[in-house]
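Each remark here refers to the structure printed beneath this line.
Derivation of every value follows stated rules applied to the coordinates shown; laboratory data play no part. These numbers come from a predicted model, not from an experiment. Here the Cβ positions follow ideal geometry from the backbone for every residue, glycine too, while neighbour counts run over all protein chains shown.
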Amino acid sequence: MRAAIYIRVSFVMQLDNFSLDAQQAACRKLAGERGWQVTCFYADEAQSAKTTERPKFREMMQDARAKRFDIIIVHKLDRFSRSVIDLLTLLHNLKEMDIALVSATEQFDFTTPMGRVMLTMLAAFAQWYLDNLSAETTKGKQARAEAGLWNSDIPFGYNVRYKKDGGDGIPRPDEHDAQGVRLALEQYATGMYSDNDIARLLNEAGYRPHGRGRRALPLFGKDALTELLQNRFYLGEVQYKGQWYPGVHEPLVSQDVFDRCQAVREKRRVKVGTSARDASREYLLTGIAKCARCGGHMRGDYSMTNQKRYYRDPARQRGQECDQRMVGADGAENAVGNWLRQIVLPDDWRERVVKIVQEQTGNVRDVMQERARTEAQLERARYLFKLGDISEQEYLADRNRLQVQLAGLTPQVRSDLEQAGKLLHNFETVWDAATPQERRQMIQTLLQAVYLDCERGPVVSIEPKPEYKALFEMGKEAK
């Protein structure tokens, strides 16, 4: 058996004054002479080799990354790419993937020892070019910043007409949005509003953030406001790699307003950092609070107006439809605590836990034995394919079937049921003596999700973690 049988080859063809059939024939002839097995064929008809953005070419590169073949045969190198820079970059990438390239009609063969040496040299040159291009780009952006020009997307509040469109490329205040920026900074500087409060203020006033594509936000959210409130671009400055420079654009706010905003933010940061967040701002259901209407995660929110905590569904800020309002945090957390306090385990709960653990241990043993048998079958299929006793199509069918079986043979993780049982058994005593931070840890240890609703709740339903479900079932039986 010839080892070359297992080398998989891809063709890349280009329609260019030479029929695809003739190109394919020349490439197949080379493959036959070398003893290579042809497994893939790619042809971009009426597509220019001046760009790598060709459907079949992209498909081929994806298959190369997936290791579907070892060699790419082209009729001529210019069918692969007519851009020297693209070609060098592609050769560098192929070398990293351990994929060879051969021309059927030219002296380009990177499967030979000399060809591999040449490929290494070309790949090194490509890397040098890319590194040099990156350095030149960095210098260009640095020079732009020093000249007072912005290097990224223009922040909310400004418009720009680029030179390619007949403009001068200098951002200028948008008459409408600039008022929104001033409103946000001036109101935050009073110290009476949080980032979330300012976001709602802008949204209610009809302002909308800039953005492009799928990542564009329909409404302002906390993260967008946090960035806006700290952006020195509104002072008439530009930055590159953390360094700020005087810009050529017009500022939107005064230094005094901006400094007062940062003073408010620093005061809040220091308070949180030094006092480790007091009980009035602790959210026990963080990460597990969900909206009972749309199923989305709810966030803790603090109102500076009435000094109260809430859980808020940010669905509308993400452009999703949900009429859920904010749910009071105190009522929701007390309801969860009272529900857990009412769980009463039966007297024989420890014996039942021992039995469950023994069953889990047996299940793990059975699953692991079945995994070992399936992995042995998968290895045998690989061996038969290498010997040539089964075709590639048969091997792939067996491999896919066995991999699906393996995916379903995941043993259950043995959870510490006894420790969770002790917590539930003495929950009322432990809960009453716990700090807010400890209560949060207790809730999040036991529960998977808590569904909230401002009208039907505050708590509509509670979902225990799967590994502790048996304990909660015992509690129901004991009632």
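Quick one: Karplus J couplings for the stretch 61-66, per residue in order, coefficients 6.51, -1.76, 1.60, θ = phi - 60°, nearest Hz, x for Gly and Pro?
5, 5, 5, 5, 5, 7
Taking the Cβ-Cβ separation of Glu438 and Tyr162 as r and a Förster radius of 41 Å, what is the calculated FRET efficiency to the nearest 0.05?
0.15
How many nm is it between the label spots at Thr105 and Gln62, if each spot is 7 Å from the Cα in line with the beta carbon?
3.0 nm
Setting aside same-chain residues fewer than 8 positions from Lys95, which lysines have a Cα under 22 Å from its Cα?
Result set, ordered by chain and number: Lys50, Lys56, Lys67, Lys76.
Residue by residue, what Karplus-based ³J(HN,Hα) values in Hz, rounded to whole numbers, does the stretch 329-341 have, using 6.51, -1.76 and 1.60 with θ = phi - 60° and x for Gly and Pro?
Working through the residues one at a time gives 5, 4, x, 5, 5, 5, 5, 5, x, 5, 4, 5, 5 Hz.
Return Tyr207, Tyr162 ranked ascending by Cβ neighbour count within 10 Å, so the fewest neighbours appear first.
Tyr162, Tyr207
Give me the lysines in straight-line cross-link reach of Lys469: C-alpha distance below 24 Å, same-chain residues under 8 apart excluded.
Lys290, Lys355, Lys422, Lys479
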